[in-house]
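The values are calculated or read from the model by the stated rules, or taken from the named source; none is laboratory data. These numbers come from a predicted model, not from an experiment. Every residue, glycine among them, receives a Cβ derived from its backbone with ideal geometry; neighbour counts consider all protein chains shown. When the accessible area is computed, the model is the full protein with side chains, heavy atoms only, and any ligands, DNA or RNA have been set aside. Shrake-Rupley method; radii C 1.70, N 1.55, O 1.52, S 1.80 Å.
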Amino acid sequence: MRSESTQKEGGFKWSTLTGKLPGGHKPMLKLPKIWVPKAAEVRRNSAPAPAEPREVEPAVAPASAPPAPLGPPRPPAPLTFEQHLAALHLSEAGRLLLAREERLFAGGGLRPPEVVDADALEADRRALEDEVLRTLRTSLDADADAQVLRSAVSFVELEEEQDQIWERRRGGTLPSWRLRCWRQAHDATLQSLVEERMEAPPTPAALRPGHSSIQADVHSMGRRLRRDLLLVLERVETCYPAHLRICRQYAAWYHRCVGAKLAKLADFGLDDQDCTFLLRWVNDFYPRLLQELEAAGELDTRALDCLLPKDLLAPLEEQYLSKQQGELSTYLGRILDEARETWTEGGLPPSEDGCFASPLAYDIIQMVNGMVSAAEKVLGDLPKARTLTCQLQDLLRRFATFQADVIKRNKANSAAFVKANLGCVAQFRDFLASRSRLFPEDVRRNCLRTLTDMKGSAHEYLLGPVHKNLKPHYRKLFSQEWLKTSTLDKLQRGLEDEMLQLEGPSKSCRQELTARLHRDVAVEYVYRLLKAELKLKDKLQQRQAADNVERDAGALRDFFGGHGSEEAWLHQVLIMIAEVLKLQDLPAIQFQVASLGTAFPDLSEKHVLSLLKLKSNLTKEDKNNVKAVLLEIPKDSAQSQAFFSFVAVK
């Protein structure tokens, strides 16, 4: 039996079944039939059923009518903490936790339901903090994301600000995680990262021949430092606020790690090769590496301490200098011994372009210059490197002793070696002048003094035979025959013959030797004049003698100038002496003697009296009056040439 009841509830028509079906089965419940008006059904359907075609007048909207407004779009739902954390939006996730922290703790103590919320907040914070620390620990990896690091740094900044807020509050329940000191945690994490990377630098390449494992390790450490700091400059720095000066922090951490590692090596005990390498790395390679990094970005290393302390550097420097001094002394001694051996066996020094030229000076200069320049880089300190030049000071003393032995024994080949030594002396003097910065002043002064003595003794040795052969010609000067007509032409012919004996030194050394002979001849000429027995009784004889002296002065100037002498001032000495002989008026003589004494302050009263003795028409009182003008002349020998001090008079 079927009965049906209908109830209209919200447009639905419910049908129910009563009774039993055949076989005793219960009737099945029918699904409700939807009851809606036909117009509502048409509106709900997305595609209406097709209608019968009919003629419809199309409705045309005005062309200027705007489209119907659609309404503002709904904003996307904000991301949750879990979503920010998954996307590594660390600073955004931190802000959400800070807001939850404020809601829970800003009002005072926690109520029981809020304790559960605080535990959840603490768990979320631990998850976020772990991710921040992981980001910091991987910030120097090649594939590290700068945006994530920037977000982590922003989180640290937020935490620092929140710590300051809680410090000012001093009330309420303090979260267990607050006052974490995230800046210190950040620095400790990065410092630990630097230490780990420096303990395991990139795998070094195969050892080069002659390189030790220590050198390979240090080179590898240097490569790691350079790569990491360049990465900090190029990428990491952009993730930090400028006031944190992260580049300077990283430089300090790496500097401290490098220093600690090198200190272990230095304290271990190094052989000479590794000692030199370590000093060179500390004082040369490492500073140049820092300069390169400073040029690449905003890296200031001026505040860094010395890489190694003095108590570790001093033994290494002493070991290095001792080795270098020993090598230099051995090398210099060997060069000098080779020259001595050649001379002893009767050999000659090598010659170039017809001049004797010993390689001794060139080899020694190259060795000293190279070794001191290298020591300056290895030690990073020129004054310390200069101590090596004490070896040159000792060598020159031995060189002077060798030359003295050559001169004393006067063998057949001695003159050739002395001429070659003059070239060495000139080279050493040029080296001391051009590279004076390599020498302590006392060492340089002592070396120059030794070289001056060597040049003087060489000149005396080479010119001694010349003066001996010229003595007969000197004797004919200032005789009665000379007064009638100068006899200097005979002296000139003798000089011409003797000049051939001076061949052999280099051009510049021969020029100096000729200049020395020029001075010696002028000194001998004046000496012979002052001791002459001539009695110039009247004006005529005095003028004749003065003319002869002027003529001789010109002849000597032309002769020696033709052979390379540049001592033109010697001509002026003779001209001024001739003027004294020529003058007759006492005031004029006094003025001329004063001029001579001003030009040559080594002019003495004995020289003046010997010169005035030739003018026999002067009284003793006149001579004393002339001599007295010397007392009024300031003695400024530093601005003048010495001449009369070489003229010995009684």
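Could you check, for the stretch 525-533, whether at least one of its residues is under 30 Å from F356 (Cβ atoms) and touching a residue at least 12 places away in the same chain (Cβ under 8 Å)?
Scanning the stretch 525-533 turns up no residue that is under 30 Å from F356 (Cβ atoms) and touching a residue at least 12 places away in the same chain (Cβ under 8 Å).
Could you please give the count of residues in the stretch 584-598 that are among the hydrophobic types (A, V, I, L, M, F, W, C) and open to solvent by 40 Å² or more (accessible area, probe 1.4 Å)?
The qualifying residues number 2.
Hey, any hits in the stretch 508-529 for a residue that's more than 24 Å from K627 (Cβ to Cβ), open to solvent by 20 Å² or more (accessible area, probe 1.4 Å) and not charged (D, E, K, R)?
Yes, the stretch 508-529 contains at least one residue that is more than 24 Å from K627 (Cβ to Cβ), open to solvent by 20 Å² or more (accessible area, probe 1.4 Å) and not charged (D, E, K, R).
For the stretch 183-208, which residues satisfy the criterion of being modelled with pLDDT of 90 or more and either within 19 Å of L121 (Cα to Cα) or charged (D, E, K, R) (or both)?
Correct list: R183, D187, E195, E196, R197.
Spot the failing condition for L312; the list is (1) among the aliphatic types (A, V, I, L, M); (2) open to solvent by 30 Å² or more (accessible area, probe 1.4 Å); (3) touching a helix residue (DSSP H, G or I) at 6+ places or on another chain (Cβ under 6 Å); (4) without any contact (Cβ under 8 Å) to a residue 40 or more places away in the chain, and only one is missed.
For L312, the failing item is (4).
Suppose we keep only residues that are of a type in the set (G, A, S) and outside any helix (DSSP H, G or I) within the stretch 290-304. Which one would you say is modelled with the highest pLDDT?
A303
Residue-by-condition table, conditions (1) touching a helix residue (DSSP H, G or I) at 6+ places or on another chain (Cβ under 6 Å); (2) under 16 Å from F644 (Cβ atoms); (3) touching a residue at least 12 places away in the same chain (Cβ under 8 Å):
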site	(1), (2), (3)
S565	yes, no, yes
W569	no, yes, yes
V580	yes, yes, yes
L583	yes, no, no
L596	yes, yes, yes
L603	yes, yes, yes
S616	no, no, yes
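Considering the stretch 599-617 alone, what residues qualify as being over 13 Å from V649 (Cα atoms) and either open to solvent by less than 10 Å² (accessible area, probe 1.4 Å) or at pLDDT 95 or above (or both)?
Scanning the stretch 599-617 gives L612, L614, K615.
Mind counting the residues in the stretch 601-618 that are assigned to a loop (DSSP other than H, G, I, E, B) and within 15 Å of L536 (Cβ to Cβ)?
5
Name the single residue that is nearest to P349 (Cα to Cα) among those in the stretch 396-453 being polar (S, T, N, Q) and outside any helix (DSSP H, G or I).
N413
Looking for something under 16 Å from F439 (Cα atoms), touching a helix residue (DSSP H, G or I) at 6+ places or on another chain (Cβ under 7 Å) and small (G, A, S) - is there at least one such residue anywhere in the stretch 388-404?
Looking through the stretch 388-404, none of the residues is under 16 Å from F439 (Cα atoms), touching a helix residue (DSSP H, G or I) at 6+ places or on another chain (Cβ under 7 Å) and small (G, A, S).
Would you mind finding the one in L388, L332, L379 that is open to solvent by less than 60 Å² (accessible area, probe 1.4 Å), more than 20 Å from R444 (Cα to Cα) and not acidic (D, E)?
Result of the check over L388, L332, L379: L379.
Kindly indicate the residue of the stretch 471-502 that is open to solvent by less than 40 Å² (accessible area, probe 1.4 Å), part of a helix (DSSP H, G or I) and without any contact (Cβ under 8 Å) to a residue 40 or more places away in the chain and also nearest to R409 (Cα to Cα) among those meeting that condition.
Out of the qualifying residues, it is E498.
Take the residues in the stretch 530-539 that are open to solvent by less than 50 Å² (accessible area, probe 1.4 Å) and not small (G, A, S), then tell me which one is modelled with the lowest pLDDT.
L534
Go through the residues of the stretch 266-279 one by one and say whether even a single one is open to solvent by 20 Å² or more (accessible area, probe 1.4 Å), closer than 22 Å to E195 by Cα and without any contact (Cβ under 8 Å) to a residue 60 or more places away in the chain.
Yes, there is a match, as at least one residue in the stretch 266-279 is open to solvent by 20 Å² or more (accessible area, probe 1.4 Å), closer than 22 Å to E195 by Cα and without any contact (Cβ under 8 Å) to a residue 60 or more places away in the chain.
Every residue in the stretch 561-583 that is crowded, with 20+ Cβ neighbours inside 10 Å and small (G, A, S), please.
S565, A578
What do you reckon, is D558 within 30 Å of V425 (Cβ to Cβ), open to solvent by 60 Å² or more (accessible area, probe 1.4 Å), charged (D, E, K, R) and assigned to a helix (DSSP H, G or I)?
Criteria met by D558.
Would you point out which residue out of L262, L229, L233 is modelled with pLDDT under 95, under 23 Å from K310 (Cβ atoms), among the hydrophobic types (A, V, I, L, M, F, W, C) and part of a helix (DSSP H, G or I)?
L262
Does E298 count as open to solvent by 50 Å² or more (accessible area, probe 1.4 Å) and either touching a strand residue (DSSP E or B) at 6+ places or on another chain (Cβ under 8 Å) or not polar (S, T, N, Q) (or both)?
Criteria met by E298.
Across the stretch 336-358, what is the total count of residues that are surrounded by 15 or more Cβ atoms within 10 Å (Cβ to Cβ) and assigned to a loop (DSSP other than H, G, I, E, B)?
So the answer is 3.
Name the pairs: first residue in the stretch 122-140 and within 16 Å of S192 (Cα to Cα), second residue open to solvent by 30 Å² or more (accessible area, probe 1.4 Å) and part of a helix (DSSP H, G or I), Cβ to Cβ under 7 Å, at least 6 apart or on different chains?
As it stands, the answer is L140/R197; L140/L231, since those pairs meet every condition given.
Only residues that are of a type outside the set (S, T, N, Q) and farther than 19 Å from K490 by Cβ: list them for the stretch 500-522, please.
Those that are of a type outside the set (S, T, N, Q) and farther than 19 Å from K490 by Cβ: L502, E503, G504, P505, K507, C509, R510, E512, L513, A515, R516, R519.
Restricting the search to the stretch 54-100, which residues are in a loop (DSSP other than H, G, I, E, B), at pLDDT 85 or above and either at negative phi or charged (D, E, K, R) (or both)?
Within the stretch 54-100, A77, P78, L79, T80, A87, H89 meet the criteria.
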